[in-house]
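Asks: Below you'll find the structure I mean.
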Amino acid sequence: MTTLAAVVGVGQTHHRAKRGDVSMAGLLREAVDRALADAELTFDDIDAIVIGKAPDLFEGVMMPELYLAEALGAPGKPLLRVHTAGSVGGSTAIVAASLVEAGIHERVLTVAFEKQSESNAMWALSIPVPFIMPVHAGAGGYFAPHVRSYIRRSGAPTHIGAIVAAKDRQNALKNPFAHLQNPDTTFESVMASQMLWDPIRYDETCPSSDGACALVIASEDAVQRSGIKNPAWIHGTQMRSEPTTAAERDQVNPHAGREAAAALWKQAGITSPIDEIDCAEIYVPFSWFEPMWLENLGFAEQGGGWKLTEAGETAIGGRIPVNMSGGVLSSNPIGASGMLRFGEAALQVMGEAGEHQVDGARKALGHAYGGGSQFFAMWVVGADKPTH
Amino acid sequence: MRDVAIVGFAQRQMKEFDGSPTCVELLVPIFAELFEQTGWTKSDIDFWCSGSSDYLAGRAFSFVSAVDAIGALPPVMESHVEMDAAWALYEAWVKIQTGLVDTALVYGFGKSSAGQLRRVMSLQMDPYTVTPLWADAVSVAGLQARAGLEGGAWDEEQMAAVVARSMSDATGNEHAIRSRTTTVEDVLAQPMYADPLRRWDCAPVSDGAAAIVISAADTPAFDRFPGQSAWITGFEHRIEPGALNSRDLTVSTSTAAAGAAAGVDGVDLAELHAPFSHQELILGSALGLGDDVRINPSGGALTANPMFTAGLNRIGEAARQVWSGGSQRALAHATSGPALQQNLVMTMEARS
Amino acid sequence: MTDVGTLHAPMKVEFDYTRSLGPTLSEFMTGLKRRQILGGKLADGTVAVPPPEFDPQTYDPITELVPVGSEGVVQSWVWVPEPVPGQPLDKPFAFAQIVLDGTDRPLLHAVAVEAPDQIATGQRVRAVWAEETVGAITDIRWFEPEGDGPATVPGPEGEAVNGIIAPVNLSYDYAASPEESKFFRGLADGKLIGQRCPVCEKVYVPPRGACPVDGVPTTDEVEVADRGTVTTFCIVNVPFTGQQIPIPYVSAYVLLDGADIAFLHLILGIDAADVRMGLRVKAVWKPRDEWGTTIANISHFEPTGEPDADFETYKVHL
């Protein structure tokens, strides 16, 4: 690393099923303006922009960053567009961080967005391909069989998913930006909701949201020169990928996620994640992925993730609070969902998470995954500068 | 900055690739060729990065299957940009600069012939006020060409000279898909197509894939590398506004700014990514290239323009010239977006 | 159908996108619905049509819109000899950059003329409005050379326009890889043809252009059985656009006997609630005269009646 980097500004939109009040440009500008204000900066202070979103087919615009250049304050500056499937929000933040860590730029604005109401993600992900049987039914249809495999392998009771869903929806009530704001969602109501992609119930699935997230990432020098007193220092970033399908590929506990996490903990000087990480924002679009990723990330042994969930250890106040913001289960602007995890982790160690703040959070994990559980992006941020 | 060199380049181009839109079949032999050039294996590559477009392929996540060509188990550190792979190379170069990785293999691919390319490209315009008119890529370039012709920035003969030189030079490039020894007079004798553009003023629809390997100097893998290196001396890119009416289309301020930041002094050769003949003229003046700079010895994008790869190809072609001693200090350029909206400049040199 | 080369089939990507507009574009589109063109006032004092949402220099939102003329001057133009679907005219025409009266920056739109010699830079043109306006850029059908015809008739007041519908319809020629093509051709003969990776020796069904572990094409052909084991599955209960199978249905990974990778297919002939991991199933082929080069030749899989496979036999395939 040439220099340390830190998050100095976090901004996000109010996420809703349809943000009919704004265009795509207006949507992401809402997040950008908030991030710049949070960092006490203007566009003039920004050296480069890195933008990410999921497939262009979602909005029907090819490389929308081209038309969005003015809204991003990008003219005259370098702009990169990242696309790594569902992990993109995380990968985008990592690319932005690397521009600072490499010593190339001092302050980088990074943005991720999705305006899902422009089309229909189920359609975009299920366009029939010739010669192939159209049995896929969107992301839920893709992931449900792997959830079933997890349940079989771990011996988890079948109500674990509902615990996660109820917890995240209750957490969302503490987050004014969250899409789903339903005080009546309880463990019982989740259990009673329809089986959509059996074994995944309706209330165990993420919503489809319009939303955006933006971060400002600055170098150690730039942080020192700024008035920011509580930056979120980046302690480590990792990305790993593997094929969608391969003979004997583990789709429940993917190798790429395990390897990324191991490298991340090493980079951040962490030997026991559950003891040293104060809270985690993990990409959980279907409730069961909380216990699955707890294991994949090394917070629990294989087969033990669900026990943490069942014991309430992933609730705020538990041993490893997960998705204090309400997570992807409460807001899912797909392309932005990963960056929201990264940004919420930053907010926690900045002490700016408001009602969903974990007391005394000093180190937090931001995590995203995409494709067929094959692309992983993650970072550790801390209230203190990394010491190793 | 760490010293980073281009150490491998392989490419495939054709009018119509008879294979899958993921182009995996093209990437497999390209990767094999790169391992032969470098003497390395998959495990010597620390970072993989690619550039491609879902809309070119007509499906979401088109880049996902391309990962198969890597053979990505055990998993790899990997990323993707929805841009020409020249920008993927930039991301990889940045990653090397952070010190997290030492080597990278960057690839791009695209099957333009799968759809109607110029119509697909109209989805790059403003989605509210321009795309509903399906303003296609050739038309937008034509508006730019006429603005320069009638504004006195260039003339028809200059455009024809670009075409004649490119097509003639392409006769020496086995990868070119349009080549012919021709003259300015021959070009001007061709009928108008999208007035003021003749067909030869427009890059041919091209399919293809390409890949480049870069390495930091201070690494064990580089110590084992037997071949020539092209050392990266400058690497910059800039974007301009999206609204066409917010730009003077006859100049390229983003190319000029990227060139100034990268440092173009002393280059003796330039590979410019100009899918339309007049765009080479715009780029040449934006970069201030003198008559002594050899432009596009490969024939350039006018003779093969595989989308999302053609910019990376310019870098590879410039590197080949540096490797062979054809250039001491070369410039490579890539473009993206309507009418040269976004531009990237890399400079490189030979070292003894 | 030939036996060489790759299999091709048309593929359509079609959706009518619903775009919300935000304040600036809403006002502009509402103007168009009323046959009134509005320009945006930029920070440098110039007026632009369409009004940008954000200023190209200050990046501030554009809030002031002013009425401008529906006539103007051609600043640059290009001939469109072969129009593509969706363009304003389906016969040759010109796209032009038109500086409308009262504006400083050109609008990109079509000009309807018969031949390139009928248009020139500096020429005056005027908007031709659609009979029925909806609040979209296409409410201006095109521009035409200015003549003596009737002036613009204002449209109805109408409600404010907050959104547009933007149809995107693209046609692609989809090609399978050479390895997949062999598989699909095999299906046309009622066979399931896999290939073995020459490095790891795993059998892939369908075969692959690149073994995802080794990065080399699969090679040696292996015919696998049309029966196998359900490794895992889900019961689909959700309707969605483009869905081709009635719900509820079971979508399952079937590990064919002799293959090293499972593939997705439908399970019928058993109550969805009774489908289980390890269930032994066999292919139910459609009548032979309905066969093509597609996996859909297999209508579905149904239970064989054999005892369930032991978890140990397929647990590495999850």
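The values are calculated or read from the model by the stated rules, or taken from the named source; none is laboratory data. Just so we're clear, the structure is a prediction, and the values are computed from it rather than from any experiment. Here Cβ is always computed from backbone atoms with ideal geometry, including for glycine, and neighbour counts include all displayed protein chains.
Asks: Quick one: in the range B:31-44, of everything that is within 11 Å of chain C (Cβ to nearest Cβ) and of a type outside the set (Ser, Thr, Tyr), which residue is farthest from B:Ser112 (Cα to Cα)?
Replies: So the first thing to find is which residues in the range B:31-44 are within 11 Å of chain C (Cβ to nearest Cβ), and the list is B:31-32, B:35, B:41-42.
Still in the list and also of a type outside the set (Ser, Thr, Tyr): B:31-32, B:35, B:42.
Values: B:Phe31: 21, B:Ala32: 24, B:Phe35: 27, B:Lys42: 29 Å.
Result: B:Lys42.
Asks: Being among the β-branched types (Val, Ile, Thr), more than 14 Å from chain C (Cβ to nearest Cβ) and in contact with a strand residue (DSSP E or B) (Cβ under 6 Å, 6 or more places away or on another chain) is the filter here, so list the residues in the range B:47-105 that pass it. Working first, answer last.
Replies: If we filter the range B:47-105 for residues that are among the β-branched types (Val, Ile, Thr), which is where we start, we get B:64, B:67, B:70, B:76, B:81, B:94, B:96, B:98, B:101, B:103.
When the remaining residues are screened for being more than 14 Å from chain C (Cβ to nearest Cβ), the result is B:81, B:94, B:96, B:98, B:101, B:103.
Those that are among the β-branched types (Val, Ile, Thr), more than 14 Å from chain C (Cβ to nearest Cβ) and in contact with a strand residue (DSSP E or B) (Cβ under 6 Å, 6 or more places away or on another chain): B:Val81, B:Ile96, B:Val101, B:Thr103.
Asks: If a residue counts only when it is more than 11 Å from chain B (Cβ to nearest Cβ) and of a type outside the set (A, V, I, L, M), which strands (runs of 3 or more DSSP E) contained entirely in the range C:143-231 have at least 2 such residues? Break it down into steps so the answer makes sense when it comes.
Replies: Working: elements: C:163-175, C:192-196, C:220-224.
Filter on the range C:143-231 gives C:192-196, C:220-224.
Asks: Then there is this: If you check A:Ile316, A:Ile320, which single one turns out to be over 25 Å from A:Arg29 (Cα atoms), surrounded by fewer than 24 Cβ atoms within 10 Å (Cβ to Cβ), touching a Ser or Thr at 6+ places or on another chain (Cβ under 7 Å) and of a type outside the set (Lys, Arg)? Working first, answer last.
Replies: On the way: A:Ile316 fails: touching a Ser or Thr at 6+ places or on another chain (Cβ under 7 Å).
Sole residue among the options that is over 25 Å from A:Arg29 (Cα atoms), surrounded by fewer than 24 Cβ atoms within 10 Å (Cβ to Cβ), touching a Ser or Thr at 6+ places or on another chain (Cβ under 7 Å) and of a type outside the set (Lys, Arg): A:Ile320.
Asks: Please go through the range C:75-91 and pick out each residue that is within 10 Å of chain B (Cβ to nearest Cβ) and within 19 Å of C:Trp129 (Cα to Cα).
Replies: Of all residues in the range C:75-91, those within 10 Å of chain B (Cβ to nearest Cβ) come to C:75-88.
Answer for the range C:75-91, where residues must be within 10 Å of chain B (Cβ to nearest Cβ) and within 19 Å of C:Trp129 (Cα to Cα): C:Gly86, C:Gln87, C:Pro88.
Asks: Among the numbered conditions (1) of a type outside the set (A, V, I, L, M, F, W, C); (2) more than 20 Å from B:Ala145 (Cα to Cα); (3) not in a helix (DSSP H, G or I), tell me where B:Thr335 comes up short.
Replies: With (1) of a type outside the set (A, V, I, L, M, F, W, C); (2) more than 20 Å from B:Ala145 (Cα to Cα); (3) not in a helix (DSSP H, G or I) applied to B:Thr335, the lone miss is (2).
Asks: Let me ask something else about it. Would you mind telling me which numbered condition in (1) under 20 Å from A:Gln238 (Cβ atoms); (2) surrounded by fewer than 24 Cβ atoms within 10 Å (Cβ to Cβ) B:His80 fails?
Replies: (2)
Asks: Find the residue count for the range A:108-139, including only residues that are modelled with pLDDT of 75 or more, over 17 Å from the mean Cα position of the chain (by Cα) and β-branched (Val, Ile, Thr).
Replies: Going through the range A:108-139 one residue at a time, the tally reaches 4.
Asks: Spot the failing condition for A:Thr245; the list is (1) in contact with a Lys or Arg (Cβ under 8 Å, 6 or more places away or on another chain); (2) surrounded by fewer than 24 Cβ atoms within 10 Å (Cβ to Cβ); (3) β-branched (Val, Ile, Thr); (4) under 30 Å from B:Ser50 (Cα atoms), and only one is missed.
Replies: Result: A:Thr245 passes all but (1).
Condition check ((1) closer than 19 Å to A:Gly86 by Cα; (2) assigned to a helix (DSSP H, G or I); (3) not small (Gly, Ala, Ser)) across all residues:
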site	(1), (2), (3)
A:Pro183	no, no, yes
A:Glu188	no, yes, yes
A:Met191	no, yes, yes
A:Trp197	no, no, yes
A:Asp203	no, yes, yes
A:Gly211	yes, no, no
A:Ile217	no, no, yes
A:Ala222	no, yes, no
A:Lys229	no, no, yes
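Asks: A further question on this structure: Residues that are among the acidic types (Asp, Glu) and either touching a His at 6+ places or on another chain (Cβ under 8 Å) or under 25 Å from B:Met159 (Cα atoms) (or both): does the range B:223-234 have at least one?
Replies: First, the residues of the range B:223-234 that are among the acidic types (Asp, Glu): B:223.
So of that shortlist, the ones also either touching a His at 6+ places or on another chain (Cβ under 8 Å) or under 25 Å from B:Met159 (Cα atoms) (or both) come out as none.
The answer is no, given that none of the residues of the range B:223-234 is among the acidic types (Asp, Glu) and either touching a His at 6+ places or on another chain (Cβ under 8 Å) or under 25 Å from B:Met159 (Cα atoms) (or both).
Asks: Check the range A:253-269 and report whether any residue there is hydrophobic (A, V, I, L, M, F, W, C), surrounded by fewer than 20 Cβ atoms within 10 Å (Cβ to Cβ) and more than 25 Å from C:Lys315 (Cβ to Cβ). Don't jump to the end; show me each part of the working.
Replies: From the range A:253-269, those hydrophobic (A, V, I, L, M, F, W, C) are A:256, A:260-265, A:268; that's our starting set.
Now drop any that are not surrounded by fewer than 20 Cβ atoms within 10 Å (Cβ to Cβ), which leaves A:262-263.
Within this subset, residues satisfying the condition of being more than 25 Å from C:Lys315 (Cβ to Cβ) are A:263.
For the range A:253-269, residues hydrophobic (A, V, I, L, M, F, W, C), surrounded by fewer than 20 Cβ atoms within 10 Å (Cβ to Cβ) and more than 25 Å from C:Lys315 (Cβ to Cβ): present.
Asks: Do any residues in the range C:44-59 that are under 17 Å from A:Glu30 (Cα atoms) have Cβ atoms under 6 Å from those of residues that are of a type in the set (Ser, Thr, Tyr), where the two are at least six apart or on different chains, and which pairs are they?
Replies: The qualifying pairs are C:Glu53/C:Thr24.
Asks: Output the residues belonging to the range B:198-239 that are surrounded by fewer than 24 Cβ atoms within 10 Å (Cβ to Cβ) and within 14 Å of chain C (Cβ to nearest Cβ).
Replies: B:Arg198, B:Arg199, B:Cys202, B:Val205
Asks: Tell me, which strands (runs of 3 or more DSSP E) wholly within the range C:1-110 include 2 or more residues that are closer than 30 Å to B:Leu117 by Cα?
Replies: Values: elements: C:8-20, C:37-41, C:65-68, C:71-80, C:93-100.
Qualifying strands (runs of 3 or more DSSP E): C:8-20, C:71-80, C:93-100.
Asks: Here is a further query. Go through the range C:183-212 and count every residue that is without any contact (Cβ under 8 Å) to a residue 40 or more places away in the chain and surrounded by 22 or more Cβ atoms within 10 Å (Cβ to Cβ).
Replies: Number satisfying all stated conditions: 9.
Asks: Inside the range B:25-41, can you point out the residues that are more than 18 Å from B:Arg224 (Cα to Cα), in contact (Cβ under 8 Å) with a residue 40 or more places away in the chain and over 20 Å from the mean Cα position of the chain (by Cα)?
Replies: Listed by number, the list holds a single entry, B:Val28.
Asks: Just need a number here: residues in the range C:295-312 that are assigned to a loop (DSSP other than H, G, I, E, B) and either of a type in the set (Gly, Ala, Ser) or closer than 14 Å to C:His265 by Cβ (or both).
Replies: To start, the set of residues in the range C:295-312 that are assigned to a loop (DSSP other than H, G, I, E, B) comprises C:304-310.
Checking which are either of a type in the set (Gly, Ala, Ser) or closer than 14 Å to C:His265 by Cβ (or both) leaves us with C:305, C:309.
Count: 2.
Asks: If you scan the range A:49-75, which residues turn out to be assigned to a loop (DSSP other than H, G, I, E, B) and β-branched (Val, Ile, Thr)?
Replies: Initial filter on the range A:49-75 (assigned to a loop (DSSP other than H, G, I, E, B)): A:53-55, A:59-75.
Within the range A:49-75, just A:Val61 meets the criteria.
Asks: Of all residues in the range A:85-128 being at the interface with chain B (Cβ under 7 Å from one of its Cβ atoms) and closer than 30 Å to C:Pro239 by Cβ, which is surrounded by the fewest Cβ atoms within 10 Å (Cβ to Cβ)?
Replies: Among residues in the range A:85-128 that are at the interface with chain B (Cβ under 7 Å from one of its Cβ atoms) and closer than 30 Å to C:Pro239 by Cβ, the one surrounded by the fewest Cβ atoms within 10 Å (Cβ to Cβ) is A:Ile127.
Asks: Name the residues in the range B:95-113 that are surrounded by 24 or more Cβ atoms within 10 Å (Cβ to Cβ) and under 20 Å from the mean Cα position of the chain (by Cα), would you?
Replies: Hits for the range B:95-113 are B:Ala104, B:Leu105, B:Val106, B:Tyr107, B:Gly108, B:Phe109, B:Gly110, B:Lys111, B:Ser112.
Asks: Among the listed residues B:Phe9, B:Phe61, identify the single one that is on the phi > 0 side of the Ramachandran plot, surrounded by 23 or more Cβ atoms within 10 Å (Cβ to Cβ) and of a type in the set (A, V, I, L, M, F, W, C). It would help to see each step written out before you state the result.
Replies: On the way: B:Phe9 fails: on the phi > 0 side of the Ramachandran plot.
Only one candidate qualifies: B:Phe61.
Asks: Could you list, in sequence order, the residues of the range C:293-313 that are more than 21 Å from C:Ile247 (Cβ to Cβ) and either touching a Lys or Arg at 6+ places or on another chain (Cβ under 7 Å) or surrounded by fewer than 16 Cβ atoms within 10 Å (Cβ to Cβ) (or both)? Write out each step before concluding.
Replies: Residues of the range C:293-313 that are more than 21 Å from C:Ile247 (Cβ to Cβ), as a first pass: C:293-294, C:297, C:304-313.
Within the range C:293-313, C:Thr293, C:Asn297, C:Thr304, C:Gly305, C:Glu306, C:Pro307, C:Asp308, C:Ala309, C:Asp310, C:Phe311, C:Glu312, C:Thr313 meet the criteria.
Asks: Considering only the range C:264-285, how many residues are more than 7 Å from every other protein chain (Cβ to nearest Cβ), surrounded by 22 or more Cβ atoms within 10 Å (Cβ to Cβ) and part of a strand (DSSP E or B)?
Replies: 2
Asks: Next up: Taking A:Leu41 as the residue in question, decide whether it is modelled with pLDDT of 95 or more and under 26 Å from A:Tyr369 (Cα atoms).
Replies: Details: modelled with pLDDT of 95 or more: yes; under 26 Å from A:Tyr369 (Cα atoms): no.
In short, no.
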